[in-house]
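Throughout, read-outs are computed from the coordinates displayed, never taken from laboratory work. Treat the numbers as computed from the prediction; the structure is a model and nothing was measured. Methodologically, a virtual Cβ is constructed for each residue, glycine included, from the backbone with ideal geometry; neighbour enumeration extends over all protein chains shown.
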Protein chains: 2
Amino acid sequence: MADAQATIRWLIAEKDKAPNFAMRVIEIASRGERIPLHAHDYEHEIFILDGAGMALHPDGDRPVRVGDFVYVAPGEKHGFLNTGDEPFRFICVIPIQK
Amino acid sequence: MADAQATIRWLIAEKDKAPNFAMRVIEIASRGERIPLHAHDYEHEIFILDGAGMALHPDGDRPVRVGDFVYVAPGEKHGFLNTGDEPFRFICVIPIQK
C-alpha cells in the first residue's frame, strides 16, 4: 500500500496462533485521504464499521457505508477513499501467509 | 449450534469464490437469548458490531461490547448471550471447509 494514508490495527493474527486468517481494522482518518489502487495475490474480506467512503476499482468506484461489505479477489485492483467528515474505518480479513 | 437462538447472514462465502474463509453476521435478537456453549474443530474470529452481550466460556463468561473482538481457537468451547435491550450482533469469520 505505497503512499497509503491509513493506519492498520491487527486484532487477531499469527501471534494469537490463528492458523488461517488475520483480522485487522483499517482507518483512513480524514476526508480526501486514501489507500490508492493496488493489488495482492490474496483476497480481502471487508466490512465497513464507521464513516463513509468509496471503494475504488478500475471498473468504477462505488460509495460504501456502515454495514456494507466488500470482497476483493486475489489479484483484483482495489483502493479506498474517505469521503465523509469522520474517520472511515473497516474490518479487513486476509489469509495468513504460510 | 443446537438450540441456538440466533440468525446467521452469510456476507462472503464459497458462492463468491472466496478461497479461504467466510464472513458472516450473527444476530441474537433479544435479551436472554443465547448460543449455548459448543465447539468446532475450526477457529472463529469475531468482532462485536451492535448491542451488548457476554462471551460464554467454561473458564468464565466475560462482557463484550461494540468494538471488542474475540478469538475462539479450534476445539475451544464458546457461546454468546444477549444481555442488552437491542439485538446483539457480531461478525464471525470461519475457514471454508475444504
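Return the whole-Å distance between the Cα centroid of the range A:1-57 and the Cα centroid of the range A:70-88.
Centre-to-centre (Cα) distance: 8 Å.
Averaged across A:50-61, how many Cβ atoms of other chains sit within 10 Å of each residue's Cβ atom? Mind showing how you got there, number by number?
On the way: counts 1, 0, 0, 0, 0, 0, 0, 0, 0, 0, 0, 0.
The shielding value for this peptide is 0.
Show which lysines lie in cross-link reach of residue B:77 when reach means a straight Cα distance below 18 angstrom and same-chain residues fewer than eight apart are skipped.
Cα-Cα hits under 18 Å: A:17.
What are the nm distances, shortest first, from residue A:86 to its equivalents in the other copies, labels at 7 Å along Cα→Cβ?
1.1
Compute and list, largest first, the equivalent-ellipsoid semi-axes of chain B from the alpha carbon gyration tensor, each √(5λ) rounded to a whole angstrom. Intermediate results must be reported in sequence, preceding the final value.
Details: eigenvalues 93, 47, 27 Å².
Result for chain B: semi-axes of 22, 15, 12 Å.
What residue among B:74, B:49, B:93 has its Cα farthest toward the positive end of the dipole of chain B, where the charges are +1 on Lys, Arg and -1 on Asp, Glu, each on the Cβ?
Result: B:93.
Hey, what do the phi angles of the range A:45-51 turn into as Karplus ³J(HN,Hα) couplings, whole Hz, using 6.51/-1.76/1.60 and θ = phi - 60°, x for Gly and Pro?
The phi angles translate into 10, 10, 9, 7, 9, 8, x Hz.
In debye to the nearest 20, how big a dipole does the protein assembly as shown give about its Cα centre with +1 on each Lys and Arg Cβ and -1 on each Asp and Glu Cβ? Show your work: numbers first, answer last.
On the way: 22 positive and 30 negative charges, 28 e Å.
Using only the charged Cβ atoms, the result is roughly 140 debye.
Would you pull out the residues with amide H under 5 Å of residue B:66's amide H, same chain only if 5 or more places away, H placed 1.01 Å from N?
Hits under the 5 Å cutoff: none.
Once phi is turned into θ = phi - 60°, what whole-Hz ³J(HN,Hα) does the Karplus curve with 6.51, -1.76 and 1.60 give for every residue of the range A:52-60, x standing for Gly and Pro?
Those phi angles translate into 9, x, 10, 8, 8, 7, x, 7, x Hz.
How shielded is A:13-25 by partner chains, expressed as the average number of their Cβ atoms within 10 Å of its Cβ atoms? If you can, show how the numbers build up before the last one.
Details: counts 2, 0, 0, 4, 4, 5, 5, 10, 8, 2, 9, 0, 3.
Mean inter-chain Cβ contacts per residue within 10 Å come to 4.
Which value in nm describes the separation of the simple spin-label points at residue A:42 and residue A:8, placed 7 Å from the Cα toward the beta carbon?
If labels sit at residue A:42 and residue A:8, their model points lie 0.9 nm apart.
Ordered by packing density, taken as the mean number of other Cβ atoms within 10 Å over each peptide's residues, highest first, how do A:31-43, B:33-45, A:83-95 rank?
Values: A:31-43: 15.3, B:33-45: 17.1, A:83-95: 19.0.
Ranking the peptides A:31-43, B:33-45, A:83-95 by packing returns A:83-95, B:33-45, A:31-43.
Along the positive direction of the dipole of the protein assembly as shown (beta-carbon charges: Lys, Arg +1; Asp, Glu -1; about the Cα centre), which of A:20, A:84, A:7 reaches farthest?
A:20
Treat every Asp and Glu Cβ in chain A as -1 and every Lys and Arg Cβ as +1, leave all other atoms uncharged, and give the resulting dipole magnitude about the Cα centre to the nearest 20 debye. List each step's numbers first, then the result.
Values: 11 positive and 15 negative charges, 46 e Å.
Using only the charged Cβ atoms, the result is roughly 220 debye.
Can you tell me, using C-alpha contacts under 8 Å and at least 6 residues apart, the relative contact order of chain B as a whole percent?
Details: 261 pairs, mean separation 35.6, N = 98.
Worked out over chain B, it gives 36 percent.
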